[in-house]
1. Quick one: which residue in 42, 22 is touching a residue at least 40 places away in the same chain (Cβ under 8 Å) and either in the same structural domain as residue 131 (by TED's automatic domain parsing) or of a type in the set (Phe, Trp, Tyr) (or both)?
2. Pairs needed: first member in the stretch 136-152, at negative phi and touching a residue at least 24 places away in the same chain (Cβ under 8 Å); second member anywhere, within 8 Å of the ligand (Cβ to nearest atom) and in a strand (DSSP E or B); C-beta distance under 7 Å; at least 6 residues apart or different chains.
3. Restricting to the stretch 115-132, name every residue that is surrounded by fewer than 16 Cβ atoms within 10 Å (Cβ to Cβ) and in contact with a Ser or Thr (Cβ under 7 Å, 6 or more places away or on another chain).
4. Return a yes/no flag: does the stretch 82-98 have any residue that is outside any strand (DSSP E or B) and within 16 Å of the ligand (Cβ to nearest atom).
5. Name the residues in the stretch 5-43 that are among the charged types (D, E, K, R) and in contact with a strand residue (DSSP E or B) (Cβ under 9 Å, 6 or more places away or on another chain), would you?
6. For the stretch 70-81: of the residues being part of a loop (DSSP other than H, G, I, E, B) and of a type outside the set (A, V, I, L, M), which is farthest from residue 115 (Cα to Cα)?
7. Within the stretch 43-69, can you find the residues that are at negative phi, at pLDDT 95 or above and part of a loop (DSSP other than H, G, I, E, B)?
8. Step by step: first the residues of the stretch 134-162, then only those that are surrounded by fewer than 16 Cβ atoms within 10 Å (Cβ to Cβ) and among the acidic types (Asp, Glu), then the one that is nearest to residue 74 (Cα to Cα). Which residue is that?
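The values are calculated or read from the model by the stated rules, or taken from the named source; none is laboratory data. Note that the structure is a prediction, hence the values are computed from the model and not measured. Quick reminder, even Gly has a Cβ in these numbers, built from the backbone with ideal geometry, and neighbours come from all protein chains shown.
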Amino acid sequence: MQIAQDKVVSIHYTLKNDAGEVLDSSSGGDPLAYLHGQGNLVSGLEKALEGRQAGDKLSVRVEPADGYGVRDDGLLQQVPRRQFGGANVQPGMQFHAQPSGGHARVVTVVRITGDMVTVDGNHPLAGENLNFDVEVTDVREASAEELEHGHVHGPGGHHHHD
Ligand code: ZN
């Protein structure tokens with residue numbers, strides 16, 4: 001079966017940056033299972049997997065625009081330290097920010113100057129080329145329930161307890 005819209009695809013993957021450092025990998029665990037064509041993976045990787053099948057191995061280089069986005073300096077923001085509710089804020093820490101009326105996003109503390117904290121709302125991998133080594137381990141039809149939820153159930157996917 002070939003990878004196409006709404007198939008459930010299982011992959012083993014290793015993600016490296018341009019310096020060759022491993023940023024993420026499924027090795028040693030279950031393969032990652034995802035619903036193809038629903039934006040569950042970065043778009044550049046989904047595009048490269050289209051039409052592949054179980055057993056295929058591929059190396060994919062994804063540029064920022066098709067990965068986690070180009071860096072946007074407009075997402076750097078200064079926040080008074082007191083807004084962190086007494087947390088011992090340190091550079092590198094990540095927080096979930098919920099701007100009024102906006103979407104929740106993860107921000108990373110980049111700098112602390114006096115009582116002001118500079119946070120960066122870019123994805124930590126924004127601006128990075130993503131170098132994936134991927135092995136397709138399984139391709140199957142999605143269940144009606146998986147299609148309704150927009151994600152995969154079972155091994156490597158979501159587990160509901162409801
Ligand atoms: Zn679900």
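1. Numbers: 22 fails: touching a residue at least 40 places away in the same chain (Cβ under 8 Å).
Of the residues listed, the single one that is touching a residue at least 40 places away in the same chain (Cβ under 8 Å) and either in the same structural domain as residue 131 (by TED's automatic domain parsing) or of a type in the set (Phe, Trp, Tyr) (or both) is 42.
2. Within 7 Å, the pairs are 146/153; 151/158; 152/158.
3. 124
4. Within the stretch 82-98, the first condition is being outside any strand (DSSP E or B), and the residues that meet it are 82-93, 98.
Subsequent filtering for residues that are within 16 Å of the ligand (Cβ to nearest atom) retains none.
Checked the stretch 82-98: no residue is outside any strand (DSSP E or B) and within 16 Å of the ligand (Cβ to nearest atom).
5. Once the filter is applied, which keeps residues that are among the charged types (D, E, K, R) and in contact with a strand residue (DSSP E or B) (Cβ under 9 Å, 6 or more places away or on another chain), the stretch 5-43 yields 6, 7, 16, 18, 24, 30.
6. So the first thing to find is which residues in the stretch 70-81 are part of a loop (DSSP other than H, G, I, E, B), and the list is 70-72.
Right, trim to of a type outside the set (A, V, I, L, M) and you get 71-72.
Numbers: 71: 26, 72: 24 Å.
Selected residue: 71.
7. Selection gives 50, 52, 54, 56, 63, 67.
8. Within the stretch 134-162, the match that is nearest to residue 74 (Cα to Cα) is 148.
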